[in-house]
Amino acid sequence: MWSRIAYKYAGGYLPTHLLGYASTLGTLFVTAILLQPLHGAQFGETAGSVSAEGGDSTLSAAATWAEDRPVERGDATCVTCDPTMNRGCRKYLFADALFWTVREGAAENWAQIITPQSSGWTNIGTATLIDAPFDWKAGLRVGAGVQRNDGSDMTLYYTNFRTSATSQASGEVYSAFMGNFYIDNTDGSDYGPHYHHASIWWDFDFHTIDFEISHNYTIGTNLELRPFLGLKTAIINQTIKSNWLYPIDTSSHTYSFTSATEDLNLGFWGIGPSLGATMTMPLCCKDRYNLKLFGAPSGAIMFGHWTFNEQYNNSEATITFDTSPITSAATMLRGVIGFEWEQYFSRVTSTVRLGYEAQYWLNQMQFYSYNMGRLNNVTSLQGGFLEWQINF
């Protein structure tokens, strides 16, 4: 008997050490921001020297009060109501709590239950596709940035989200994966076994790092526009583990094994330019706070690299597929909409954002399926987020 079938191509493993380099870069970036001298401290020194020379404590207090209070403005615009706007470079840190889920283009057909029925001279049956819906899970986004008085902005942030899907089926269950097809069917002229019961666990691990340079523009009194150009990097790992129990004998095959497993590993990394804009519309603007509506469409096109490996195993045989890697363009689209609340204090500004985000990775889900051929499907992430940001 044979023990292994291998495609002539060999795939590699995902270079996850890139995350270490990106983490080091992010640490250096945030450290550089925090070590910059505060313009407000320089102002305090100047005010103190004026007070010492003039001997007038009232002048010093007035200067400090003028620095701390929000800049007066009319009701026409809220661009100048942030007290940190006149202090040279503003630094900011932010963190997002994400509550997302994932939809994969192949998860709705990991198995089928086919029930044949006979009626007279006609064979009638039903086929049910078995789905593996992903759980809603929490994720995290953290970042830092610098904004100058001229409206230019630099931001670096990291996003991590991980979830999983589980499903099971009973009846006459057929596999959609390639390995099962070749059991006792090495020439591919027939079908592999089908089973009384099957289950699946599908893990999805998502990492992105974004660096963006932008500039803020005020359009009239009711709209702020911040177009940005950036660099996006992404690492996405997926692991699929399936179990198949009690193969069903047929007139041409009698199976002596009672269980089997089939595991798939899908790896992706990509890097490339991103482009987008954030649009903000004030709803309520006061001296100490304001409420805004915002939206942010964006997209990226990356140099992408996919790797695959798949193995089927039972007590009698092992089948391994080492599929050649794919190197191609990877595209994604992103949309964000929500509300923003800004609260101004004497030295800092606190911002809270609540919204909805969706990401569409247009050709992310790629592997070979027995009954669907090579897949090149959309992977979508969507859900809510709550962000807190502090400007100082």
Study note, to complete from the structure: Picked from segment 279-292 (must be in a strand (DSSP E or B) and touching a Pro at 6+ places or on another chain (Cβ under 8 Å)), the residue surrounded by the fewest Cβ atoms within 10 Å (Cβ to Cβ) is LEU291
Point to revise | Pairs where the first residue, in segment 325-353, is within 23 Å of LEU223 (Cβ to Cβ) and touching a residue at least 24 places away in the same chain (Cβ under 8 Å) and the second is among the charged types (D, E, K, R) and outside any strand (DSSP E or B), C-beta under 8 Å, 6+ apart | key: GLU342/ASP82; GLN343/ARG288; TYR344/ASP82; TYR344/ASP287; TYR344/ARG288; THR349/ASP82
**Study point:** Residue list for segment 333-356, restricted to those being over 25 Å from GLY272 (Cβ atoms), aliphatic (A, V, I, L, M) and assigned to a strand (DSSP E or B)
**Key:** VAL352, LEU354
Exercise for review: Of all residues in segment 262-278, count the ones that are at pLDDT below 95 and surrounded by fewer than 20 Cβ atoms within 10 Å (Cβ to Cβ).
Suggested key: 2
Practice item. Have a look at THR320, THR307 and point out the one that is over 29 Å from the mean Cα position of the chain (by Cα), within 30 Å of LEU245 (Cβ to Cβ), assigned by TED's automatic domain parsing to the domain that holds ALA198 and assigned to a strand (DSSP E or B). Key: THR320
Check your understanding: Does at least one position in segment 146-166 carry a residue that is under 18 Å from THR128 (Cα atoms) and within 23 Å of the chain's Cα centre (by Cα)?
Key -> yes
Exercise for review: Looking for whichever is at pLDDT 95 or above, on the phi < 0 side of the Ramachandran plot and under 17 Å from the mean Cα position of the chain (by Cα) here; the options are HIS207, HIS215. Which one fits?
Suggested key: HIS207
Study note, to complete from the structure: Sole miss for ALA106 among (1) within 28 Å of the chain's Cα centre (by Cα); (2) more than 27 Å from LEU245 (Cβ to Cβ); (3) at pLDDT below 85 is condition (2)
Review point. Of PHE211, PHE204, which residue is more than 17 Å from LYS241 (Cα to Cα), touching a residue at least 12 places away in the same chain (Cβ under 8 Å) and assigned by TED's automatic domain parsing to the domain that holds ASP322?
Key: PHE211
Review point. If we keep just the residues of segment 248-262 that are in contact with a strand residue (DSSP E or B) (Cβ under 7 Å, 6 or more places away or on another chain) and without any contact (Cβ under 8 Å) to a residue 60 or more places away in the chain, which is nearest to ASP150 (Cα to Cα)?
Key: THR261
Review point. Among SER189, SER175, SER199, SER164, which is the only one that is surrounded by 15 or more Cβ atoms within 10 Å (Cβ to Cβ) and at pLDDT below 90?
Key: SER175
Check your understanding: Out of (1) within 21 Å of the chain's Cα centre (by Cα); (2) among the β-branched types (Val, Ile, Thr); (3) buried (at least 17 other Cβ atoms within 10 Å of the Cβ); (4) at pLDDT below 90, the odd one out for VAL378 is which?
Key -> (3)
Exercise for review: Could you look through segment 209-249, keep only residues that are out of contact with any Gly (no Cβ under 9 Å at 6 or more places or on another chain) and farther than 23 Å from ILE130 by Cα, and pick out the one that is surrounded by the most Cβ atoms within 10 Å (Cβ to Cβ)?
Suggested key: GLU224
Exercise for review: Consider only pairs whose beta carbons are under 7 Å apart and that are at least six residues apart or on different chains; among these, list those whose first residue lies in segment 287-303 and is of a type in the set (Lys, Arg) and whose second residue is crowded, with 16+ Cβ neighbours inside 10 Å and assigned to a strand (DSSP E or B).
Suggested key: ARG288/TYR344; LYS292/THR280; LYS292/PRO282; LYS292/GLU340
Revision key, fill the gap. When HIS197 is run through (1) touching a Phe, Trp or Tyr at 6+ places or on another chain (Cβ under 7 Å); (2) more than 16 Å from LYS241 (Cα to Cα), the failure sits at (2)
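The values are calculated or read from the model by the stated rules, or taken from the named source; none is laboratory data. The model shown is predicted, which means the values in this text are computed figures rather than measured ones. With ideal geometry, Cβ positions are generated from the backbone for all residues, glycine too; neighbour counts draw on all protein chains shown.
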